[in-house]
Amino acid sequence: MILETQRLILREMKQEDFEDLAEILQDPDVMYAYEHDFSQSDVQTWLDRQRARYTQYGFGLWAVVLKATGEMIGQAGLTMQPYQDTQVLEIGYLLKKAFWHCGYASEAAAGCKKYAFENLKADKVYAIIKTDNFPSMKVAEGIGLAKEAIFTARYYHGDMLHYLYAAKNDLHEAR
């Protein structure tokens, strides 16, 4: 277990999570911001990338598991993402559609923010959000991130406008 919230456990994903991950990544409604259809091979590549991140950075996107049932309902975590000429520590979150509008994304994202500030001693965390992804913006704003910039990011089908949301670690300022 990496972290625990009131209703969730976040842990490293393992190969046994493939089917749950595929349910997320292969749902066009969940993945609309990516504008990409994920094949079985793409899902495996995604899973392998997270596991490589755990080794390289000590973090990545983690399985989001309901404490009450033990079911994997999504993924959330921290990744290093390109922004202009640097890398930023991003909070990311994706949930199975059946678990939308229950507050789980906000709960997981808030746990990730706390983990970044308390465990990683990060000065700042970010969220990179496509400009039409209003639910994701609501999650970011709800956990205290504010819109900082607009920029173009390249994904599977070309360039897309994104907002850069950010929050500073107030614990660092208090020292």
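Quick note: the coordinates plus some simple rules give every number you see, no bench work behind them. Predicted, not measured: the structure shown is a model, and the values here were computed from it. Reconstructed Cβ throughout: ideal geometry from the backbone, glycine too, with neighbour counts over all protein chains shown.
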Report relative contact order for the stretch 1-85 in percent, whole number only (criteria: Cα-Cα under 8 Å, sequence separation at least 6). 33
Have a look at Thr55, Asn133, Tyr34 and report the one farthest towards the positive end of the charge dipole of the chain, computed about the Cα centre with Cβ charges (Lys/Arg +1, Asp/Glu -1). Thr55
Work through the residues other than Thr79 whose Cβ is under 13 Å from its Cβ and net out their charges, Lys, Arg +1 and Asp, Glu -1. +2
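If you average the sequence gap of Cα pairs under 8 Å that are 6 or more apart and divide by the length of the stretch 3-174, what percent do you get for the contact order? Present the calculation step by step, with values, prior to reporting the outcome.
Working: 290 pairs, mean separation 32.7, N = 172.
Dividing the mean separation by the residue count of the stretch 3-174 yields 19 percent.
How do Arg7, Arg154, Arg53 rank when sorted from fewest to most other Cβ atoms within 10 Å of their own Cβ? The partial results should precede the final answer.
Values: Arg7 16, Arg154 9, Arg53 19.
Arranged by neighbour count, lowest to highest, Arg7, Arg154, Arg53 become Arg154, Arg7, Arg53.
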At the level of C-alpha centres, the distance separating the stretch 103-147 and the stretch 1-32, in angstrom, is 17
Could you work out how far apart the two model spin labels at Ala146 and Arg11 are, taking each label as a point 7 Å from the Cα in the direction of the beta carbon, and quote it in nm? 3.9
If I build a Gaussian network model for the chain, linking alpha-carbon pairs within less than 10 angstrom, which residue out of Gly74, Gly92, Gly103 has the largest mean-square fluctuation? Gly103
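Helix-derived [θ] at 222 nm for the chain: sum -39500 (n - 2.57) over DSSP H runs of at least 4, divide by residue count, nearest 500? Please list the in-between numbers first.
Working: 5 runs with 55 residues, N = 175.
It comes out at -9500 deg cm²/dmol, rounded to the nearest 500.
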Over the Cα atoms, compute the radius of gyration (one decimal) and Dmax (the largest Cα-Cα distance, rounded to a whole number) for the stretch 2-101, in Å. 13.4, 43
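Could you list Ile150, Ile128 in order of exposure, starting from the residue whose Cβ has the fewest other Cβ atoms within 10 Å? Before the final figure, lay out the partial values.
Numbers: Ile150 10, Ile128 21.
Going from sparsest to densest Cβ surroundings: Ile150, Ile128.
Checking a compactness column here: for the chain, what do you get for Rg(Cα) / (2.2 N^0.38 Å), N being the number of residues? Intermediate results must be reported in sequence, preceding the final value.
Numbers: Rg = 15.3 Å, N = 175, 2.2 N^0.38 = 15.7 Å.
My calculation over the Cα atoms of the chain gives 0.98.
Can you sort Asp85, Asp37 so the residue with the fewest Cβ neighbours within 10 Å comes first? Kindly include the intermediate steps, with their values, before the conclusion.
Details: Asp85 5, Asp37 11.
Taking fewest neighbouring Cβ atoms as first place, the list is Asp85, Asp37.
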Would you compute, for the Cα atoms of the stretch 82-132, the largest minus smallest coordinate along each principal axis and list the three values in descending order, in whole Å? 36, 28, 13
Just to be sure I understand the model, the point goes 7 Å from the Cα along the line to the Cβ. What's the resulting Gln84 to Lys121 distance in nm? 2.6
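Based only on the alpha carbon positions, what is the Kirkwood hydrodynamic radius of the stretch 1-48, in angstrom?
Numbers: mean 1/r = 0.0840 Å⁻¹.
Across the stretch 1-48, the inverse of the average 1/r is 11.9 Å.
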What percentages make up the Cα-Cα pair-distance distribution of the stretch 123-172 when the bins are 5 Å wide from 0? 5, 22, 28, 21, 13, 8, 3, 1
